[in-house]
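Just so you know, all these numbers are worked out from the coordinates, no wet-lab data involved. Quantities reported herein were computed from a predicted structural model and do not represent experimental measurements. Here the Cβ positions follow ideal geometry from the backbone for every residue, glycine too, while neighbour counts run over all protein chains shown.
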Amino acid sequence: MIKTLQSFTQEKLSRLISVSRFKYPATTWIRGAKVLQIYTGEVRELNVVLSEDRIAYVGEKEPLTDSDTQILDARGFTLVPGYIEPHAHSFQIYNPQTLGEFALPHGTTTLLHDNLPFFLHLQQQEMERLFEALQEMPFKNYWWARLDPQVNQSGMTSQFTADRVKRTLQNSAVLQAGELTYWKELIDGDDSMISRMWEARQAGKRIETHNPGASVETLNAVAAAGATGCHESINAEEVLRRIRLGYYATLRHSSIRPDLSELIKGLLTAECRLWDRMMLTTDGSPPFFLASGFTDECIRIAIEAGLDPVLAYRMATLNPAVYYGLDHELGGISPGRVADIVFLEDLRNPTPVKVMANGHIAAENGKLMSHLPRMEWNRFGVGTSSMMDPAVQPEWFEVPQLQDKVPVIELINAVITFSRTESLPVIDERVQVKGLPGYMYVSLLHREGEWITTGIIKGFGEFDALASTYSLSGDLVILGRDPVQMAQAANHILANGGGICLFENGELRFDLPLPLLGTMSPLDMNTLIEETTRFLALMRESGYLFADPIYSLLFLSATHLPKVRLTSQGVLNVNDGTILIPCRYLK
């Protein structure tokens, strides 16, 4: 359980009651502010009185004070509860600490983190120690427990043993199972997935699914299996379809699905009357997309789309607190709750002037009030993943001609691919891309050098070489027109212990080391925003046309998405399971 909740003792409860009864001096008195009473939607000028990290009293009377009472004059401010991010993929270049340090000054005091890379790369005890260490932060950290690896590779699926899944689900910091990407296997009767779902239900956890574009029939089956929420709605009808079946629907403003404004407008047009089963999320967007804010930006977009501000704040506070069974502790400015309070100039501007977390002012004017202790990542096994020596050779990227026409992977948006066969130039039974606008070589190289899958890709732009350890499978993704520079780029990130780099005309044009499991940087978020914004600009210069090249790299090896992916077996047609180009073994 989170530290501030763990430390709530019987003695503190007794003192909290005494402060609420004006028999013991308040620790902190916030006076003169307007308070959004999130349960009724009223805004009233009230006193907010604290006993240490808890709210003891909210009302018109003045508390008992003494010389130790901190009095905060909040005239001119409107107070709202701390925001809750219910769906954070906290390994998208940043890490759980740097994401929280960025989110807190923006008003987000609680985050629900995806555990996937930590589950896959750490020992169980290391992951649990990481959960515990993050309890020392002023922002609260809870977790999901994945039930599947998103990538159908034996080395990954084998880690989801019954004992390990059950132990993770029983951790008190874990509030949710999912998100489910093996939902089809589940509803088709796969015994291992049914067993994991049963354990999640027995543990009393919420269960989130990943069902983009799903029919009513599919949503029925997944809900019958135990799913309670889904964040994949892309229009208002899909939101309502989920809510009618008892789901919670989390509305996204993310780099690859910036749907929030249209979702809100569509729901208003549909005359939606009840909004208590909806939440807001940034859905693990990369740093460049967060330059304008975090949950505060989601609230702003919802308000600007025409939503009543009170409903927008409920979607970011009370609704997720209720969903996760935390509303007795979080989600409102009310007696007994933890004092996570956001100070606003105006309800229509959700970016805070001050943020209180656990009864203390933790951030002001967009900056943390104190430096937080740095995570010693190596203590938890979070370091450089085991990788091959930097000995990649240019000829590894050759694509053999296996038939008259060559399978081509075409990127049709940031994450979805299409397959077509084309007649391409061939020299010595090797496919050539030189002089073909928009075509490049693409490969997935096993991180320890056992195999390589190679193919041809169209629609990613044109550049000499890009290499990345930022991939869903944990292997190296390498793209480019020049195999010599592709080998150079791959060897560069291997020597760095992970990262993303771009070579053009023999020059290293972009270099972002990712020494934490090959996906995360220890750099602060502002630096990462600058770096990834520069990367996006370089990719656009190179002809990349879509919203997010970072997610494009991540998902090239993701077998839960259509239609063609790079896998350890070869270039895979996900729809029918056929291998279009087999992998080659290097050892």
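Details
- Taking the number of Cβ atoms within 10 Å of each Cβ as an exposure proxy, the fewest-first ranking of VAL442, VAL353 is VAL353, VAL442.
- Residue-averaged [θ]222 nm for the chain, counting only DSSP H segments that reach four residues, each worth -39500 (n - 2.57): -7500 deg cm²/dmol
- Ranked for footprinting exposure by Cβ neighbours inside 10 Å, fewest first, SER158, SER552 give SER158, SER552.
- Note on VAL484 and GLU395: the extension gain reaches 31.2 nm, defined as 0.36 nm multiplied by sequence separation minus the Cα-Cα distance.
- For segment 436-472, backbone nitrogen atoms closer than 12 Å to the point 7 Å from ARG430 Cα along Cα-to-C-beta are found at no residue.
- For the pair segment 355-409 / segment 83-145, the C-alpha centres are spaced 14 Å from each other.
- Exposed loop positions in the chain were taken to be GluC sites (Glu not before Pro) whose DSSP state is not H, G, I, E or B and which have at most 13 other beta-carbon atoms within 10 angstrom. Between these positions, the longest stretch is 61-270.
- Dividing the convex hull volume of the alpha-carbon atoms in segment 335-410 by its residue count gives 315 Å³ per residue.
- Relative contact order, percent, segment 468-583 [alpha-carbon distance under 8 Å, six or more residues apart]: 19
- Over 19 Å between alpha carbons, listed pairs LYS166/LYS205; LYS405/LYS587; LYS61/LYS354; LYS458/LYS563; LYS184/LYS563: LYS405/LYS587; LYS61/LYS354
- Cβ-based net charge around SER195, under 13 Å, with every Lys or Arg adding one and every Asp or Glu removing one: -2
- Residues listed by number, segment 369-385, amide nitrogen under 16 Å from ASP524 label point at 7 Å toward C-beta: 369-375
- Exposure proxy order (Cβ contacts within 10 Å, fewest to most) of HIS446, HIS253, HIS328, HIS371: HIS371, HIS328, HIS446, HIS253
- Taken as entire DSSP H runs, the helices of the chain that both span 18 Å or more between Cα atoms along their own long axis and average -0.5 or more on the Kyte-Doolittle scale are 483-496, 525-541.
- Calculated on the Cα set of the chain, radius of gyration then Dmax: 25.1, 90 Å.
- Taking 0.36 nm per residue of separation and subtracting the Cα-Cα distance, full extension of the segment from LEU64 to ASN505 would add 151.6 nm.
- Principal semi-axes of the equivalent ellipsoid, √(5λ) from the alpha carbon gyration tensor of segment 394-585, are 25, 17, 16 Å from largest down.
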